């Protein structure tokens with residue numbers, strides 16, 4: 001097929017359009033055929049001859065402009081032809097420039113998962129690339145079974161890549177805390193026992209390091225060490241958190257990740273231990289879209305009334321661009337200690 005641009009016909013070879021718009025162009029997949037409009041002689045009805053100086057290969061005698069002139073040098077041929085628009089018009093030059101812009105504007109682009117940690121309760125086993133900053137954030141709504149709901153935002157996390165195996169982590173969040181943090185990697189108080197809302201904020205800081213790479217049955221794993229320091233609220237003790245995550249990726253791109261998280265948290269009466277195991281199966285639907293199903297829980301040790309709060313949570317995320325991800329996850333509590341429902345909508349952007 002073909003389409004006309006001023007003074008020329010561009011014909012695309014079979015399959016060239018798919019190559020042009022999906023994979024970019026490494027070599028022009030088209031042929032350009034110039035149509036020469038020289039007009040016809042009124043007496044003979046034959047086409048009027050066009051000058052050889054204009055690179056058309058006709059007799060020079062019929063060209064009044066170049067009669068008696070010598071052929072221009074090869075170096076000056078293009079400039080000479082542009083100056084004499086009878087055969088090589090500026091429209092044709094503009095068409096070629098436009099075509100070059102169109103082809104260069106369609107580069108090949110591969111979408112690679114950003115490996116955000118906010119995508120699920122189980123963190124990714126990957127660190128962010130050196131020289132890049134991966135910023136994550138989300139809004140979390142928790143429908144507590146007793147007492148008011150919890151709203152947490154923006155749960156900001158900036159992951160700064162230092163090397164292929166190490167990243168720094170800083171961030172912060174604010175919450176209208178009606179019943180504790182149970183469904184994300186943010187930390188805070190466990191809520192008030194009188195049924196009122198605690199307004200809290202904190203900052204986090206720490207690092208993440210790759211510990212092993214996947215090889216045969218050896219999983220890819222990482223260690224995350226963080227601390228959460230309150231900046232407002234009822235409690236002001238810094239909470240240390242350690243997470244160890246590991247998992248395997250199949251040849252089809254499916255990933256099975258699991259993690260164990262430990263936090264030494266401050267309660268209304270004393271400090272206590274909090275353990276949070278989790279497992280997630282991540283399935284890519286396309287190069288931009290991934291879905292997952294997850295089980296996780298939060299279990300206390302050291303309280304007068306111990307709590308067990310397991311959840312089931314499906315979720316998904318989508319890459320709007322190769323550096324911007326949006327996602328949502330939902331969850332339902334499986335015991336009376338767990339919140340009845342939660343939702344988590346967030347983003348990840350890489351700089």
Between the modelled labels at residue 170 and residue 252 (7 Å from Cα along Cα→Cβ) the distance in nm is 4.3 nm
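By the gyration tensor of its Cα atoms, with a ≥ b ≥ c the square roots of the eigenvalues, what is the shape of region 253-351: rounded for a/c under 1.5, prolate for a/b over b/c, or oblate? Let's see the in-between values first.
Numbers: a/c = 2.45, a/b = 2.13, b/c = 1.15.
Since a/c reaches 1.5 and a/b is larger than b/c, the shape of region 253-351 is classed as prolate.
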What does the extension gain come out to for residue 132 and residue 334, with contour length at 0.36 nm per residue minus their alpha carbon separation? 68.8 nm
Apply the a/c threshold of 1.5 to the C-alpha gyration tensor of region 113-218 and tell me whether it is rounded, prolate or oblate. prolate
Modelled FRET efficiency - R0 51 Å, residue 111 with residue 268, Cβ distances, 0.05 increments: 0.60
Nitroxide proxy distance, nm - points 7 Å out along Cα→Cβ at residue 260 and residue 223: 1.4 nm
Computed over region 212-271, the convex hull of the Cα set has an average projected area, in nm², of 5.6 nm²
Which whole-number percent gives the relative contact order of region 241-322, counting Cα pairs below 8 Å spaced six or more residues apart? 22 percent
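Taking the number of other C-beta atoms within 10 Å as the exposure measure, put 217, 289 in order starting with the fewest. Please report the intermediate quantities before stating the final value.
On the way: 217 6, 289 13.
With the sparsest Cβ surroundings first, the list reads 217, 289.
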Rh by Kirkwood over Cα pairs, then Stokes-Einstein D for region 187-328 at 1.567 mPa s and 4 °C, µm²/s: 74 µm²/s
On the formula 1/(1 + (r/R0)^6), with r taken between the Cβ atoms of residue 211 and residue 318 and R0 of 30 Å, the FRET efficiency rounded to 0.05 is 0.50
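Here, each number is a calculation from the coordinates, and none is a lab measurement. Everything numeric in this text was worked out from a predicted model, so none of it was measured. Don't worry about glycine lacking a Cβ; one is built from the backbone with ideal geometry, like all the others, and counts go over all protein chains shown.
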